[in-house]
Amino acid sequence: MVGSGLVCALTVGVGSAAAAPWIVSSTQAAALVEAHATVLDTRGRLAYFSGHIPGAVRVDWRIGVTGGFLSGKLGNPSAAAAAFESIGVDVDRPVLVVGEWDRGWGEEGRIAWDLAYLGHPAISVLEGGMAAWVGATTLSLPAPTRGRFPAQPKPGLRATVASIQGGGSTVIDVRERAEFEGATPYGEARGGHIPGAVSLPWRGLLAGDMPAAEPRVPLTVYCTGGVRSAMAWLWLTDRGYSVANYDGSWWEWAREVTAP
């Protein structure tokens, strides 16, 4: 049975990251770049190779994902953290993530959620995406470096079939309304939504379509593969809610024979 209501207190569980802004302006992002933050660019190859923040490394949202093409589920935490290490992520260096914002699919939110779940203590995302960046760009590719990022998973940031079925949280479906009502545009095993879920498409959420708040009940967000929902996780976390992202999302739920 899915609970109802929203929580108003921030409980992120990622160490010192709680004191830093999750979502930052272009000016704040420029300061992070000046301070030698690791910059991860989640845009497509064409956009990245057409110009990116100096030093930025391109990353696909599927980094660390297991289970095939129709899966968004993050795999073994140590393996996922090692994959991030291989592109320069270091536990002792802040990370700035950039993407396409609401013109994409929320990929920057997914990378931010991955890093937070794996235990990185200092993650920021550029509000508005690269379109908001006013600093220099380059076509030059950064020299490969390797970071140090031992996995320290934060289970409270991740929802599962079991945790959802156990109740105690408001479940928010951030897919488009047609998907909530049964459309299957992305290879889902079946249509529908998690029983008791509230429909709140993620782009509407970014535009300010916030649900009415009832304090002291946590949130679970999901979509198809945990990408759009990770962006919703980022937005709500930045505003003080306690949120878990269901990375398995509807791709997994629709395949679960025991899940209604």
- Residues in segment 108-118: is at least one more than 11 Å from the chain's Cα centre (by Cα) and assigned by the TED database to the domain that holds Gly51? yes
- Note on the structure: Subset of segment 133-164, residues free of Cβ contacts under 8 Å to residues at least 24 places away in the same chain and closer than 30 Å to Ala254 by Cα, comes to Pro155, Ala162
- Message: Six or more apart or on different chains, Cβ atoms under 7 Å: show the pairs whose first residue is in segment 48-60 and farther than 9 Å from Leu141 by Cα and whose second is assigned to a loop (DSSP other than H, G, I, E, B) and of a type in the set (A, V, I, L, M).
- Response: Gly51/Leu139; Val59/Ile87
- Task: Among the residues of segment 103-141, count how many are surrounded by fewer than 16 Cβ atoms within 10 Å (Cβ to Cβ) and not hydrophobic (A, V, I, L, M, F, W, C).
- Result: 5
- Item | Breaking point among (1) under 15 Å from Trp250 (Cβ atoms); (2) in contact (Cβ under 8 Å) with a residue 24 or more places away in the chain, for Gly182 | (2)
- Message: Which residue is modelled with the lowest pLDDT, if the candidates are limited to segment 1-36 and must be small (Gly, Ala, Ser) and surrounded by 20 or more Cβ atoms within 10 Å (Cβ to Cβ)?
- Response: Ala17
- Yes or no: Arg93 without any contact (Cβ under 8 Å) to a residue 24 or more places away in the chain and closer than 23 Å to Ala132 by Cβ? no
- Item | Residue satisfying condition, being surrounded by 20 or more Cβ atoms within 10 Å (Cβ to Cβ) and acidic (Asp, Glu), within set Asp173, Asp238 | Asp173
- Item | Subset of segment 181-219 [acidic (Asp, Glu) and modelled with pLDDT under 95] | Asp209, Glu214
- Item | Verdict on Thr160 being modelled with pLDDT of 95 or more, more than 23 Å from Asp102 (Cβ to Cβ) and not small (Gly, Ala, Ser) | yes
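The values are calculated or read from the model by the stated rules, or taken from the named source; none is laboratory data. Predicted model, so just to flag it, every value in this text is computed and none were measured. All Cβ positions, glycine included, derive from the backbone under ideal geometry; neighbour counts span all protein chains shown.
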